[in-house]
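The values are calculated or read from the model by the stated rules, or taken from the named source; none is laboratory data. For clarity, every value in this text was computed on a predicted model and none was experimentally measured. Reconstructed Cβ throughout: ideal geometry from the backbone, glycine too, with neighbour counts over all protein chains shown.
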């Protein structure tokens, strides 16, 4: 009841703000699940892969196939199947596969940026509509010049919609920056592990130089 009354008091702009907040919650949840799995599994997978690749390359590659949801596994599988003919070929395959993964790492960033920009604007629109309600309810014929109920609703609409829009934008901005930090760390991790794989390949197949 309190939530429905709050939505009603905030005016018509509360509907798009509610939709934006629901979309944001779903997408943030998906990103949190994605990054949690990546941070929890990929380092252990890379350690096991490098420990085994020097002696049993096929078995090491088979380990990667068990983790198709990890970007590092997809990159290594793309680069190593079929086996590169030279370190230069491997480097090019790694770079190409990594570039294909980058948009997936930044998934939904455009949506988050749009929510950050649009939410305060909806809040501002709610403020203007609330102020319009205030002026509409000015009654110059009455001794006080006001219709108290209309004035109260107008002020509530202005304040609630503004606060809601700002709250959605601020929370979305926090998560967006958090995901952006994870993206930069992951990109650095991919570069480092790609270099390690190239070095190991040179040691494994010196005749391919």
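Residues that are in contact (Cβ under 8 Å) with a residue 40 or more places away in the chain: which helices (runs of 4 or more DSSP H) entirely in segment 39-118 hold 2 or more of them?
71-80, 87-105
Just one of (1) surrounded by 15 or more Cβ atoms within 10 Å (Cβ to Cβ); (2) modelled with pLDDT of 90 or more trips up residue 66, so point out which.
Tallying (1) surrounded by 15 or more Cβ atoms within 10 Å (Cβ to Cβ); (2) modelled with pLDDT of 90 or more, residue 66 fails exactly one: (1).
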